[in-house]
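K.L.:
Questions regarding the structure given below will be posed in turn.
Derivation of every value follows stated rules applied to the coordinates shown; laboratory data play no part. If you're wondering where the values come from, they're calculated on a predicted model, not measured in any experiment. Heads up, the Cβs are rebuilt from the backbone with ideal geometry, glycines too, and the neighbour counts pull from every protein chain shown.
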There are 2 protein chains.
Amino acid sequence: MLKITRKVEYALIALRHMQNKDSQAITSTKEIAVMYDIPLELLAKTLQLMARGGIVDAVHGPNGGYKIKVNLENINMIEFFEKIEGPLGLMDCYFDSDCTLISACNIRSPIQKINDNMRNMFENMSVGEITQ
Amino acid sequence: MLKITRKVEYALIALRHMQNKDSQAITSTKEIAVMYDIPLELLAKTLQLMARGGIVDAVHGPNGGYKIKVNLENINMIEFFEKIEGPLGLMDCYFDSDCTLISACNIRSPIQKINDNMRNMFENMSVGEITQ
DNA sequence: AATATATCAGACTATATTGGTCGGATATTA
DNA sequence: TAATATCCGACCAATATAGTCTGATATATT
Ligand code: FES
Ligand code: FES
């Protein structure tokens, strides 16, 4: 529990890699996959998610690839996580409320407290701060 | 990702329930399972983990059950999580280091930063603070 | 125009983790 | 001795994550 996924990890690896190059340099999926020994297809999907989320720009065709689009200091970890993994919460009860416990549950608001603290922490943490 | 498990949730429900009773009152697994509609066997295992971890005291035999043993203000969420779920970390790389990426990995220390922040947050949060 | 190479997209399978069940042992009260 | 509770581990089921495959679209080079 409280684990990060491989997809998020691969995304961070890719960003950190690109950050160490000229800001206009283009990096292909294969370059990263080979260098860090990551499954190419999975990394590809991750980069596509970041492209869709506006974090990187995609360049099609031969010699294509990706480059960082935004200032990574201006994007916080919650935004980042959610672009890649969707809604973030300690429990599912906060998204779909078909939780069978919900009627009797005595810890819904207590867990909300933990959740708020966690979100708060990640909101005050920028991607750039991590990858630099 | 970054989810809490049912076991942890059931543990919190149980503690919160017991906290609202006389400190010497004994609460059986069944009482909690019925009231909150939780699978009895699973809740039982959770309470056993807490007993083993010294959070609650077990009373065997008929009319037996559990009661809270320690001051919940004096136990932080990391201790609590780890008693129930074992070692806590964003990735497995920090426990067993047979991670295939480890040689080339460029984000081991960055992720360590996130990890430290998260641990720090949970260390400064007591169980009592949550359940009260 | 044809070809090669890259992103894009979704369906699919494999694996790992979590959630829940079952059977039986041990302790204790009545 | 019978009833009821914790204890313990093996087991199965459900879900989530990780990874694969197939094919489409875009673009640079020949
Ligand atoms: S667990 Fe779903 S509401 Fe408390
Ligand atoms: S992922 Fe295991 S070390 Fe970076």
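K.L.:
Quick one: with label points 7 Å out along Cα→Cβ, list the inter-copy distances for B:MET35 in nm, shortest first?
P.N.:
Result for B:MET35, in nm, nearest copy first: 5.7.
K.L.:
Return B:PHE81, A:PHE80 ranked ascending by Cβ neighbour count within 10 Å, so the fewest neighbours appear first.
P.N.:
Ascending number of Cβ neighbours within 10 Å: B:PHE81, A:PHE80.
K.L.:
Which residue, chosen from A:VAL8, A:MET91, A:ASN20, occupies the Cα position most advanced towards the positive end of the dipole of chain A, where the dipole is computed from +1 (Lys, Arg) and -1 (Asp, Glu) charges on Cβ about the Cα centre?
P.N.:
The Cα lying farthest towards the positive end belongs to A:ASN20.
K.L.:
Please state the relative contact order of chain B as a whole percent: Cα pairs under 8 Å, 6+ residues apart? Could you put the intermediate results ahead of the total?
P.N.:
Details: 131 pairs, mean separation 35.1, N = 132.
The normalised contact order for chain B reaches 27 percent.
K.L.:
I need the fraction of alpha carbon pairs in segment B:1-87 separated by more than 18 Å, rounded to a whole percent.
P.N.:
Summing the P(r) tail past 18 Å for segment B:1-87 gives 37 percent.
K.L.:
Can you list, shortest first and in nm, the gaps between the label point of A:HIS60 and those of its counterparts in the other copies, using a point 7 Å from Cα in the C-beta direction?
P.N.:
So the label point of A:HIS60 gives 7.2 nm to the other copies.
K.L.:
As a quick test, which of the pairs B:LYS3/B:LYS67; A:LYS21/A:LYS67; B:LYS21/B:LYS83; B:LYS7/B:LYS83; A:LYS69/B:LYS3; A:LYS7/A:LYS45 have an alpha carbon distance above 19 angstrom in this structure?
P.N.:
Numbers: B:LYS3/B:LYS67 28 Å; A:LYS21/A:LYS67 9 Å; B:LYS21/B:LYS83 24 Å; B:LYS7/B:LYS83 11 Å; A:LYS69/B:LYS3 30 Å; A:LYS7/A:LYS45 9 Å.
Exceeds cut-off: B:LYS3/B:LYS67; B:LYS21/B:LYS83; A:LYS69/B:LYS3.
K.L.:
I would also like to ask the following. Once you place label points 7 Å from the Cα toward the Cβ at A:LEU42 and A:LYS69, how far apart are they in nm?
P.N.:
Here the answer is 2.5 nm between the modelled labels.
K.L.:
Pop out the Kirkwood hydrodynamic radius of the protein assembly as shown from its pairwise C-alpha distances, inverse of mean 1/r, in Å to one decimal. Walk me through the intermediate numbers first.
P.N.:
Numbers: mean 1/r = 0.0486 Å⁻¹.
Its Kirkwood hydrodynamic radius stands at 20.6 Å.
K.L.:
Order of B:ASP22, B:ASP57 from fewest to most other C-beta atoms within 10 Å?
P.N.:
Numbers: B:ASP22 8, B:ASP57 14.
So the ranking, lowest neighbour count to highest, is B:ASP22, B:ASP57.
K.L.:
Would you calculate a helix-derived [θ] at 222 nm for chain A, using -39,500 (n - 2.57) for each DSSP H run of n ≥ 4 and dividing by the full residue count, to the nearest 500? The partial results should precede the final answer.
P.N.:
Numbers: 6 runs with 65 residues, N = 132.
Computed ellipticity for chain A at 222 nm equals -15000 deg cm²/dmol.
K.L.:
What is the average number of partner chain Cβ atoms found within 10 Å of a Cβ in B:1-11?
P.N.:
6
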